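Engineer: This is the structure I want to talk about, given as structure tokens.
The values are calculated or read from the model by the stated rules, or taken from the named source; none is laboratory data. All figures in this text were calculated on a predicted structure; none of them were measured in a lab. With ideal geometry, Cβ positions are generated from the backbone for all residues, glycine too; neighbour counts draw on all protein chains shown. Accessible surface is based on the protein model in full, side chains and every heavy atom, while ligands, DNA and RNA are left aside. Shrake-Rupley method; radii C 1.70, N 1.55, O 1.52, S 1.80 Å.
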Amino acid sequence: MIINDILSHFVLKYLMVPKSPKILPDKTHIACIGDSITYGAGVKGRTEQTWEYYLNQILGQDYQVINYGISGRTLQDEGDYPYRADKFYSESLNCSAEIYLIMLGTNDAKPYNWNEERYEREFHSFCKEYRDLRNHPRVIVMTPPQCYADPKTGKVGFDINAETIDRCITGIIKRQAENLKLEVIDLHELTQNHEDWFDDGVHPNALGNQMIAEHLAVQLANES
């Protein structure tokens, strides 16, 4: 068990951190900040079945949707794998994207990571850093999708407490978006009653990612 825990820690901390994206010139850049749902866990072709890929296909060649997702990451600095501890945190801040999409909270909902007061405080400070960048980007925060029971086990996987997302995290994100005067996109509501969009109950499959991308594209156009 100890060896398995060490291996799991090594994989999450080192092997699951992708290479730095190459920023293409003469594009409108959309930087996507998040965990494994953003990274693309749960689909076979990560370069072709993520919601970022589908969103870029919808928006067209004038855009570059940049995937800064890292599996297992928390928003809270006190979580087991905090997003701020990884290279993508500083890289995303320095990429000068015109638009930022931020979605962190699913891994914070694990009982050993969760602290409601701390999450709200750190969510505010985290999003404020992106909002206050010198290039004055458009910052949009997103609530995490619904978490469903894994069909294989009958339980929500990966130690995630779905009720924490339902009752706490979704409300905090909406409240802090209002406080910071940021746009919010509610993927939690979008994914209700759509267990078929998730093969393992947590990570969207190709269909789920496509539906998310279509929703994001509409919201980006409506709010611009």
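Engineer: What do you reckon, is LEU55 touching a residue at least 60 places away in the same chain (Cβ under 8 Å) and either buried (at least 17 other Cβ atoms within 10 Å of the Cβ) or within 21 Å of THR170 (Cα to Cα) (or both)?
Structural biologist: For LEU55, the condition - touching a residue at least 60 places away in the same chain (Cβ under 8 Å) and either buried (at least 17 other Cβ atoms within 10 Å of the Cβ) or within 21 Å of THR170 (Cα to Cα) (or both) - is met.
Engineer: Tally time: how many residues in the range 115-134 are open to solvent by less than 70 Å² (accessible area, probe 1.4 Å) and over 14 Å from the mean Cα position of the chain (by Cα)? Spell out the reasoning first.
Structural biologist: Pass one, the range 115-134, residues open to solvent by less than 70 Å² (accessible area, probe 1.4 Å): 115, 118-120, 122-127, 129-130, 133.
In the following step, the residues that additionally are over 14 Å from the mean Cα position of the chain (by Cα) were identified as 115, 118-120, 122, 124-125, 129-130, 133.
Qualifying residue count for the region: 10.
Engineer: Being surrounded by fewer than 21 Cβ atoms within 10 Å (Cβ to Cβ), in contact with a helix residue (DSSP H, G or I) (Cβ under 7 Å, 6 or more places away or on another chain), in contact (Cβ under 8 Å) with a residue 60 or more places away in the chain and closer than 30 Å to ASN56 by Cβ, is that true of even one residue in the range 77-85?
Structural biologist: Yes, the range 77-85 contains a residue that is surrounded by fewer than 21 Cβ atoms within 10 Å (Cβ to Cβ), in contact with a helix residue (DSSP H, G or I) (Cβ under 7 Å, 6 or more places away or on another chain), in contact (Cβ under 8 Å) with a residue 60 or more places away in the chain and closer than 30 Å to ASN56 by Cβ.
Engineer: Does SER71 meet the test of being within 24 Å of VAL139 (Cα to Cα), modelled with pLDDT under 95 and among the polar types (S, T, N, Q)?
Structural biologist: No: the conditions fail for SER71.
Engineer: Now a separate question. Which condition number in (1) out of contact with any helix residue (DSSP H, G or I) (no Cβ under 7 Å at 6 or more places or on another chain); (2) outside any helix (DSSP H, G or I); (3) buried (at least 16 other Cβ atoms within 10 Å of the Cβ); (4) not small (Gly, Ala, Ser) is the one that GLU48 fails?
Structural biologist: (3)
Engineer: What are the residues in the range 58-70 that are open to solvent by less than 10 Å² (accessible area, probe 1.4 Å) and either part of a loop (DSSP other than H, G, I, E, B) or among the acidic types (Asp, Glu) (or both), if any?
Structural biologist: If the condition is that a residue be open to solvent by less than 10 Å² (accessible area, probe 1.4 Å) and either part of a loop (DSSP other than H, G, I, E, B) or among the acidic types (Asp, Glu) (or both), then ILE70 is the only one that fits.
Engineer: Return the pairs, sorted by first residue and then second, in which the second residue is open to solvent by 30 Å² or more (accessible area, probe 1.4 Å) and among the hydrophobic types (A, V, I, L, M, F, W, C), the first residue lies in the range 170-193 and is under 22 Å from TRP51 (Cβ atoms), the beta carbons are less than 9 Å apart, and the residues are 6+ apart or on different chains.
Structural biologist: ILE173/VAL184; LYS174/VAL184; ALA177/VAL184; LEU190/MET211; THR191/MET211
Engineer: Just one of (1) without any contact (Cβ under 8 Å) to a residue 60 or more places away in the chain; (2) open to solvent by 10 Å² or more (accessible area, probe 1.4 Å); (3) farther than 21 Å from ALA162 by Cβ; (4) of a type outside the set (Val, Ile, Thr) trips up CYS95, so point out which.
Structural biologist: Only one criterion is unmet by CYS95, namely (1).
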